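S.K.: Just passing along the structure, written as structure tokens.
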Amino acid sequence: MLVIPVAALVCALAGILLSLRRLRRGQETTLDTVVLAGAAALARDLALHVGYSYGRHVATGWLMDAYPRYYLPLAAILPLAALSLLAAIETPRWRAGLLAFLIAGPVIFRIFGAPLG
């Protein structure tokens, strides 16, 4: 069941790269700006959190800082990045397939992959 979240993450990363390419060409949209700002914020917070947690672990042996509670709200940028990828796809068949995956993927994962309660 990890195939679904990994595939969604790959779609989001591709969307971030496409947004970056559109920004470099001067063809960015509002979605591209939001995606790139959110990705930068997520990367910065993740790096700060990992650096702080690792330093604390080395100093004290504490492992409980590994929980991503501080930067997890920024993960909402990933679906927007996937929509950036969706906007770049011109073939209707591939576009519909990606849209179906982005909608059905979380539902399928919840039904078959994640434990309830």
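S.K.: Could you check, for segment 34-46, whether at least one of its residues is without any contact (Cβ under 8 Å) to a residue 60 or more places away in the chain, of a type outside the set (A, V, I, L, M) and within 27 Å of G105 (Cα to Cα)?
M.R.: The answer is yes, given that some residue of segment 34-46 is without any contact (Cβ under 8 Å) to a residue 60 or more places away in the chain, of a type outside the set (A, V, I, L, M) and within 27 Å of G105 (Cα to Cα).
S.K.: Can you list residue pairs whose Cβ atoms sit under 7 Å apart, with the first residue in segment 91-110 being basic (K, R) and the second being outside any helix (DSSP H, G or I) and open to solvent by less than 60 Å² (accessible area, probe 1.4 Å)? Count only pairs 6 or more apart in sequence or on different chains.
M.R.: R95/I89
S.K.: I would also like to ask the following. Answer yes or no: is there a residue in segment 66-73 that is in contact with a Leu (Cβ under 9 Å, 6 or more places away or on another chain), at pLDDT below 90 and among the small types (G, A, S).
M.R.: Checked segment 66-73: no residue is in contact with a Leu (Cβ under 9 Å, 6 or more places away or on another chain), at pLDDT below 90 and among the small types (G, A, S).
S.K.: I need every pair where a residue in segment 49-64 that is touching a residue at least 60 places away in the same chain (Cβ under 8 Å) has its Cβ under 7 Å from the Cβ of a residue that is open to solvent by 90 Å² or more (accessible area, probe 1.4 Å) and in a helix (DSSP H, G or I), sequence separation at least 6 or different chains.
M.R.: That search, which allows pairs on different chains as well, returns nothing.
S.K.: Being open to solvent by 80 Å² or more (accessible area, probe 1.4 Å), over 18 Å from S84 (Cα atoms) and β-branched (V, I, T) is the requirement here; does V58 meet it?
M.R.: Here the answer is yes, as V58 does meet what is asked.
S.K.: Of all the residues that make up segment 39-69, how many are among the hydrophobic types (A, V, I, L, M, F, W, C), in contact with a helix residue (DSSP H, G or I) (Cβ under 8 Å, 6 or more places away or on another chain), farther than 30 Å from L20 by Cβ and part of a helix (DSSP H, G or I)?
M.R.: Of the residues in segment 39-69, 0 are among the hydrophobic types (A, V, I, L, M, F, W, C), in contact with a helix residue (DSSP H, G or I) (Cβ under 8 Å, 6 or more places away or on another chain), farther than 30 Å from L20 by Cβ and part of a helix (DSSP H, G or I).
S.K.: Take segment 31-72 and flag every residue that is under 15 Å from A88 (Cβ atoms) and of a type outside the set (A, V, I, L, M, F, W, C).
M.R.: Listed by number, the list holds a single entry, D32.
S.K.: Pick from segment 1-38 the residues that are among the polar types (S, T, N, Q) and in contact with a helix residue (DSSP H, G or I) (Cβ under 9 Å, 6 or more places away or on another chain): which of them is most open to solvent (accessible area, probe 1.4 Å)?
M.R.: Per the stated criteria, the residue is Q27.
S.K.: Follow-up question, since we're still on this one. Within segment 1-28, how many residues turn out to be touching a residue at least 12 places away in the same chain (Cβ under 8 Å) and among the polar types (S, T, N, Q)?
M.R.: 1
S.K.: Would you be able to tell me the number of residues in segment 79-117 that are hydrophobic (A, V, I, L, M, F, W, C), touching a helix residue (DSSP H, G or I) at 6+ places or on another chain (Cβ under 8 Å) and either modelled with pLDDT under 80 or open to solvent by 50 Å² or more (accessible area, probe 1.4 Å) (or both)?
M.R.: Total satisfying the criteria: 7.
The values are calculated or read from the model by the stated rules, or taken from the named source; none is laboratory data. Just so it is clear, the model here is predicted, and its values are computed rather than measured. Ideal geometry is used to build each Cβ from the backbone, glycine not excepted, and the neighbour counts take in all protein chains shown. Ligands, DNA and RNA are excluded from the accessible area calculation, which covers all protein heavy atoms including side chains. Shrake-Rupley method; radii C 1.70, N 1.55, O 1.52, S 1.80 Å.
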